[in-house]
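Notes for the one structure printed next.
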Amino acid sequence: MKILDIGEVVQQSGLSPATLRYYEEIGLIASVGRNGLRRQFNTDVLLKLSLIALGKSAGFSLVEISGMFGKDGLPDLPRVNLHAKADELERQIRNLVVLKNALRHVADCPAPSHLECPTFRRLLLKASHRKKSKTKIRK
């Protein structure tokens, strides 16, 4: 298996050396040795870094991501957690679509004042009810 110098990993992954060192420090990745002061990695570290980036993009914390790798360093993805995160993302997408549509309406509304627009008033009420229900859930 080919060994990559930390500089090659930086170049191919787009991550900084400090990030790679931090990921190694918290156990997300492991170097296989050193060449002088420079860490060396197996090429599979690039796949692992891609999985970490995907997890971060999905909103998982680094602690959650670290739990998605078995003792052997191979992915051991908890399907229940992935389904829950997908459901959460779907809710966020629906909320963002509502927000986008509201902004488009406000931007294009022909009413002389937005407060005179019945659609805008309805959107305001809907937004305030949504905010109140989220606050109740969090308490």
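Laboratory data are not the source of any read-out in this text; all were calculated from the coordinates shown. Keep in mind that this is a model prediction, so the values were computed, not measured. Here Cβ is always computed from backbone atoms with ideal geometry, including for glycine, and neighbour counts include all displayed protein chains.
Observations on the structure shown:
- Selected from Ala30, Ala102, Ala58 as most flexible by GNM, with the chain as the system and alpha-carbon contacts under 10 Å: Ala102
- Neighbour counts of other Cβ atoms within 10 Å put Ile93, Ile6 in the fewest-to-most order Ile93, Ile6.
- Global form of the chain, assessed from the alpha-carbon gyration tensor, a/c cut-off 1.5: prolate
- Estimated purely from DSSP H runs of n ≥ 4, each contributing -39500 (n - 2.57), the mean residue ellipticity at 222 nm for the chain is -20500 deg cm²/dmol once divided by its residues.
- Amide H within-cut-off set for Ile29, under 5 Å, with H built and near neighbours excluded: Glu24
- Placing dummy labels 7 Å off each Cα toward the beta-carbon, the span from Ala18 to Lys85 is 2.5 nm.
- Cα-centre dipole for the range 79-138 with unit charges at Cβ (Lys and Arg positive, Asp and Glu negative), debye to 20: 360
- Basic side chains Lys and Arg get +1 at the Cβ, acidic Asp and Glu get -1 at the Cβ, and with that the dipole of the chain about its Cα centre reaches some 960 debye.
- For Phe69, residues with placed amide H under 5 Å, excluding near neighbours: Asp76
- Projecting the Cα atoms of Leu62, Leu115, Val9 onto the dipole axis of the chain, where Lys and Arg carry +1 and Asp and Glu carry -1 at the beta carbon, places Leu115 farthest toward the positive end.
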